[in-house]
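Here is the structure we will look at, set down as structure tokens.
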Amino acid sequence: MNRNFSAAYPGSFDPPTNGHLDIIIRASNLFSKIIVAVTDNINKRHTFTLQERIDLLRESVANLKNVEVLPFSGLLADYLEKINSFVVIRGLRALSDFEYEFQMALMNRKLNKKIETIFLTPDQSYTFLSSSMVKEISMLGGSTKSFVPKCVELELKKRFGNR
Ligand code: COA
């Protein structure tokens, strides 16, 4: 473990999936503290409110003692300066993620040269998973049981009334 070293895992998490959780667990084994930094992605229309996504994440990571879930708004680079933590964790599921993630990592470093981005790969079984796909499955009546934490599954059922 990287002692006394924190890292932030930013995202919109709409909703959090087992793939996100897999990355959080891996990161929590590498750093003394992980801040899951939740925000509204201005390029997306979210299904769950910021507070709902925070609550779902908090419940999902309740057993991980060195993980904290916090909201942020504005630029990630500014938020990292505010919390004095400059390592960003992002998950890379497939080659298709690379271009966007690479661009974001370089832009964040341009905005604040102290920022380093570390990419973690989730378990192979989560490489196909995405929040939109989970929502689509739920809306169309499918089961999301094996893709999301229990609390998210229940919330999706409440929202979309599936099995
Ligand atoms: N397992 C499963 N799914 C994963 C995943 C994993 N390990 N990693 C990513 N995903 C999926 C998500 O489910 C999501 O799917 P969706 O597009 O269907 O919703 C997608 O990949 C990415 O979502 P997520 O990782 O939750 O975050 P994001 O891409 O929405 O977040 C921010 C991007 C919030 C980090 C970025 O917009 C940001 O930093 N915003 C702040 C403003 C700013 O600083 N802008 C300039 C950035 S350079």
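Details
- Per the conditions (1) small (Gly, Ala, Ser); (2) buried (at least 17 other Cβ atoms within 10 Å of the Cβ); (3) free of Cβ contacts under 8 Å to residues at least 60 places away in the same chain, the sole criterion not satisfied by Gly91 is (3).
- As for the range 68-75, it holds no residue that is without any contact (Cβ under 8 Å) to a residue 60 or more places away in the chain and farther than 18 Å from Ser12 by Cα.
- From the options Glu136, Glu101, Glu116, Glu153, residue that is surrounded by fewer than 15 Cβ atoms within 10 Å (Cβ to Cβ), closer than 25 Å to Thr47 by Cβ and of a type in the set (D, E, K, R): Glu136
- Scoring Val69 on the criteria (1) exposed (fewer than 12 other Cβ atoms within 10 Å of the Cβ); (2) under 28 Å from Val148 (Cα atoms); (3) more than 11 Å from the ligand (Cβ to nearest atom) leaves a single failure, condition (1).
- The listed residues are Asp22, Asp14, and the only one of them that is among the charged types (D, E, K, R), buried (at least 20 other Cβ atoms within 10 Å of the Cβ), closer than 18 Å to Val152 by Cα and touching a helix residue (DSSP H, G or I) at 6+ places or on another chain (Cβ under 6 Å) turns out to be Asp14.
- Test: residue in the range 21-33 that is near the ligand (Cβ under 10 Å from one of its atoms) and free of Cβ contacts under 8 Å to residues at least 60 places away in the same chain: yes
- Helices (runs of 4 or more DSSP H) lying entirely in the range 86-163 (those with 3 or more residues that are at pLDDT 95 or above, within 10 Å of the ligand (Cβ to nearest atom) and farther than 22 Å from Glu59 by Cβ): 95-111
- Close Cβ contacts (under 8 Å, 6 or more residues apart or on different chains) running from residues in the range 137-158 that are closer than 22 Å to Gln51 by Cα to residues that are among the basic types (Lys, Arg) and not in a loop (DSSP other than H, G, I, E, B) comprise Ser138/Lys157; Ser138/Arg159; Leu156/Lys135.
The values are calculated or read from the model by the stated rules, or taken from the named source; none is laboratory data. All of these numbers come straight from a predicted model, not from anything done at the bench. Positions of Cβ are backbone-derived with ideal geometry, glycine not excepted, and every protein chain shown enters the neighbour counts.
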